[in-house]
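Read-outs throughout are calculated quantities, based only on the coordinates presented, and are distinct from any laboratory measurement. What you are looking at is a predicted structure, and each value in this text was computed from that prediction instead of being measured. Backbone-built Cβ (ideal geometry, glycine too); neighbour counts: all protein chains shown.
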Amino acid sequence: MKKLSLIIFLFSCSIVFGQQKVDVSASNIKWTGSQISGKSHFGSLKFKTGNITIKDNVIESGIFVVDMTSLSVEDLEGRGKKSLEGHLNSDDFFSVESFPTSSLEITSGKKTGPNSYDVSGILTIKGISHKVNFSLSLGNDDSANAKLTFDRSKFNVRYGSGSFFENLGDRLILDDIELEVSLLLR
């Protein structure tokens, strides 16, 4: 019985006080991009690796690597889907052949509620890094959810951006890309 209690205690400590790996096969990222006209597209991305360190119920650090080659469009089918995926992978957008991964490094986290945090980190896309802030909530079942919005123009993603081009009219694609992240931690 003492041995079982010790195992349970150590497991609990690893969740509250240690590094946890992301189960990449059970975790995902949903992205959404929108045009000024109100039209939007969405899809998914997969993680290559990920871990997060929580100590004394505070998120201390973490590193997440995203497999950009997994970029998928989910609101279209057939030729439209294939065409948009190709365009998003091209140099007009994310230059996936040259930059097959993107990353997020968590630098700090501040607890804002029983299971919620404001998190700061460094997002790197196309080899360009910028600070980001986002909200993250931890579930009681080794899950975590985050919402992050980033400005694609800061990462040299120019196509259809009003930050780089004028007179785009209703073809203007908004710079903000929304990410909804679901993590399963081990």
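Data overview
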{"quantity": "Residues with amide H under 5 Å from that of residue 47, placed H, sequence gap 5 or more", "calculated": "67"}
{"quantity": "Potential lengthening between residue 57 and residue 37 on full extension [0.36 nm per residue; Cα-Cα distance subtracted]", "calculated": "2.9 nm"}
{"quantity": "Modelled FRET efficiency - R0 25 Å, residue 23 with residue 98, Cβ distances, 0.05 increments", "calculated": "0.30"}
{"quantity": "Shape call, the range 30-92: gyration tensor on alpha carbons, a/c limit 1.5", "calculated": "prolate"}
{"quantity": "Under-5 Å amide H pairs with residue 62, H placed in peptide plane, nonlocal only", "calculated": "53, 106"}
{"quantity": "Under Karplus coefficients 6.51, -1.76 and 1.60, residue-wise ³J(HN,Hα) of the range 80-85 in Hz, glycine/proline x", "calculated": "x, 4, 4, 5, 5, 4"}
{"quantity": "Length released on extending from residue 79 to residue 145, taking residue separation times 0.36 nm less the Cα-Cα span", "calculated": "20.5 nm"}
